[in-house]
Amino acid sequence: MGTKGFGAITARICALTVVGGVATSLFLAGCGSESDAGEPRGASSTPSRVSADSSPTSTITTGPGPANRSTTPTVVYRPPFVERVEWTDTEVGPSLSIFPTTSGRYTQEPSAMDAAWREVVELDASADTPGMQAQFECHWRFARIIEPEKPSWNLEPGRPVVSEEDMIGARCNPGFAEEY
């Protein structure tokens, strides 16, 4: 290719960088003839606004290929899963109220239930009984789905140890009605 052929070739670099939730695009052009300087061809970048209260998305178009690629970040819920525990006296006897954190209410991590139970036991070692753990696991599996914003999950040491089927049938409160 002669000198004239190089004049018709333009090299372009397009980059999108996201730093601290702010998208910045960079477009460099060069090695072309003066007639095509400043005229980007085949590449553009369109970042969408990222806000703290919604799922950020970005649409990036880079020449040939799919016109739009959208990315939505995955929310990761991390420990702690339990904010605090608190004993109360009720008409049916003592009850341990478990106050889950936002992470505890919404995580889908398979190992989180065991981690959350360890947090409960660290906060109050007297909770570490088979019946209390079974009630907690039932609340973890079902109360979070049915009523995720319920302020606390209440575990009573006086409840009988039952099969998982009976625990579910009793809505996590075997032996007697739930105490509010």
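The values are calculated or read from the model by the stated rules, or taken from the named source; none is laboratory data. Quantities reported herein were computed from a predicted structural model and do not represent experimental measurements. All Cβ positions, even for glycine, are placed from backbone atoms using ideal geometry, and neighbour counts span all protein chains on display. Quick note on the areas: whole protein, heavy atoms, side chains included, nothing else; ligands and nucleic acids left out. Shrake-Rupley method; radii C 1.70, N 1.55, O 1.52, S 1.80 Å.
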Going by accessible area, probe 1.4 Å, with all protein chains left in place, what is the ranking of Arg118, Arg141, Arg105, Arg159, largest first?
-> Arg118, Arg141, Arg105, Arg159
Output for segment 110-180: GluC sites (Glu not before Pro) sitting in coil per DSSP, at most 16 other Cβ within 10 Å, listed by number, reads Glu149, Glu178, Glu179
What order do Ser97, Ser111 take when sorted by accessible area (1.4 Å probe), most exposed first?
-> Ser111, Ser97
Kindly report, to the nearest 10 Å², the accessible surface of Phe176 as traced by a 1.4 Å probe over protein heavy atoms only.
-> 60 Å²
Net length gained if the chain between Thr71 and Glu178 were fully extended (0.36 nm per residue, minus Cα distance) | 34.2 nm
Which value, in debye to the nearest 20, describes the size of the charge dipole of segment 78-180 about its Cα centre when Lys and Arg Cβ atoms bear +1, Asp and Glu Cβ atoms bear -1, and nothing else is charged?
-> 300 debye
Debye, to nearest 20: dipole size of segment 125-170, +1 on Lys, Arg Cβ, -1 on Asp, Glu Cβ | 120 debye
